[in-house]
Amino acid sequence: MKLVFAGTPEVAVPALDALLSSGRHEVAAVVTRPDAPAGRGRRLVASPVAERAEEAGIEVLKPVRPRDEDFLARLREIAPDCCPVVAYGALLPKTALDIPARGWVNLHFSLLPAWRGAAPVQHAVMAGDEVTGASTFLIEEGLDSGPVYGVLTEEVRPTDTSGDLLTRLAFAGAGLLAATMDGIEDGTLHAVPQPEEGVTLAPKITVEDAQVQWSAPALRVDRVVRGCTPAPGAWTIFRGERLKLIQAVPVLDRADLAPGELSASKNNVYVGTGSHAVELLWVQPQGKKPMRAADWARGVRIAPGELIGV
């Protein structure tokens, strides 16, 4: 088939690579979000997908809005058979959805209908799911509601951050998307409607969502820290400034600290929660680089009984 691939972040690059190396389909063009400011200088930078496509000598389309007529006209000229999508980052209007003969097929990082929305992996980690996965489905106008072509499952490991899990799903899902294109092309794969029960939503995780509540059980604190790593980053307040929490682990045999109460020794930093304590392993003070929590604690000289999160 002639394909136009749509994607933007690094997590979409493995799928693009899988399609480029399949030897079976032609990736005629790539659709991605416009260049965005990045770094301290805030200079415009192309998306990871755009950079990979340019390396491969593929035409790159960067519409401000997918409903822009110039973009739609170019898409009609290319006349793709199918448009595979991974984390493109913009809603596709019906005028665009109607152009490829076999539609737009999305690789979504959950077992649909669970976790429909922008942040399925983060929500799976924060909810304590033991198994998640990826699905390929035909895009409709509803939110991730289209019929499903294929799925794969992936164990959520006890120490997984959302970044760890998303990386594994990106590479496994790349193979699923390539296999889905093959099955659509040869007629052996047909989309099946999603069940009506079991629908859960995964909206974007905001900075406010990532604030740790120390009155919650230690297990919840652990899930929030892992689910918000690397982005947007779990955080709390210490002495009026934001402290990013990069790694924290529950300590089942310590329950002597009140919620938010700090206890520091030479090599360990503990915080009380609504159940037992958690040990802080890595933190990032405001305006500084990540550091071991024990080094941070020595530098700030925590007072006995001092609270975090206030």
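Report the FRET efficiency, 1/(1 + (r/R0)^6), for residue 254 and residue 295, where r is their Cβ-Cβ distance and R0 is 25 Å, rounded to 0.05.
Working: r = 21 Å, r/R0 = 0.84.
With a Förster radius of 25 Å, E is 0.75.
By accessible area, using a 1.4 Å probe on protein heavy atoms only, the chain has 53% of its surface on carbon and sulfur. Taking +1 at the Cβ of each Lys and Arg and -1 at the Cβ of each Asp and Glu, which of 118, 211, 156 sits farthest along the dipole of the chain towards its positive end, judged by Cα position relative to the Cα centre? Farthest towards the positive pole: 211. Taking 0.36 nm per residue of separation and subtracting the current Cα-Cα distance, fully stretching the chain between residue 239 and residue 73 would add 54.2 nm. DSSP beta bridges fully contained in the chain are about 70 percent antiparallel. Computed from the Cβ-Cβ distance with R0 of 41 Å, the FRET efficiency linking residue 190 to residue 130 stands at 0.85.
Starting from the Cα of residue 167, move 7 Å in the Cα-to-Cβ direction to define the label point; list residues of the stretch 121-136 whose amide nitrogen is under 19 Å from there. Once the point is set 7 Å along Cα→Cβ of residue 167, 121-126, 132-134 turn out to lie under 19 Å by backbone N, inside the stretch 121-136. Inverting the pair-averaged 1/r between distinct Cα atoms of the stretch 91-239 gives 16.4 Å as its Kirkwood hydrodynamic radius. Both the radius of gyration and Dmax for the stretch 27-97 are 12.8, 41 Å, in that order, over alpha-carbon atoms. Sorting 270, 88 by solvent-accessible area of protein heavy atoms yields 270, 88, largest first, with a 1.4 Å probe.
In the stretch 163-197, which residues have a backbone nitrogen under 17 Å from the label point lying 7 Å from residue 140's Cα in the Cα-to-Cβ direction? Only 190-197 fall inside the zone, counting backbone N under 17 Å.
When 291, 181, 1 are compared by accessible area at a 1.4 angstrom probe, the order from most to least is 291, 1, 181. How large is Rg over Rh for the chain, taking Rg from the Cα atoms and Rh as the Kirkwood inverse mean of 1/r across Cα pairs? Rounded to two decimals, Rg over Rh is 1.05. Within the chain, the whole DSSP H helices whose Cα atoms reach 30 Å or more along their own axis and whose mean Kyte-Doolittle score is at least 0.0 are 162-186.
In the structure shown, do any of 62/289; 2/94; 62/288; 2/62; 204/266 have a Cα-Cα gap over 30 Å, and if so which? Checking Cα-Cα distances, 62/289; 62/288; 204/266 exceed 30 Å.
For the stretch 154-240, the pair-distance distribution built from all alpha carbon pairs, in bins 5 Å wide starting at 0, is 3, 11, 14, 15, 17, 13, 10, 7, 5, 3, 1, 1, 0 percent.
Percent of Cα-Cα pairs more than 13 Å apart in the stretch 127-194, please. Walk me through the numbers on the way to the answer.
Details: 1522 of 2278 pairs.
The share of Cα pairs beyond 13 Å in the stretch 127-194 comes to 67 percent.
The values are calculated or read from the model by the stated rules, or taken from the named source; none is laboratory data. Source: prediction; values computed, not measured. Here Cβ is always computed from backbone atoms with ideal geometry, including for glycine, and neighbour counts include all displayed protein chains. Each accessible area value is taken on the protein alone, full model and side chains, heavy atoms only, with ligands, DNA and RNA left out. Shrake-Rupley method; radii C 1.70, N 1.55, O 1.52, S 1.80 Å.
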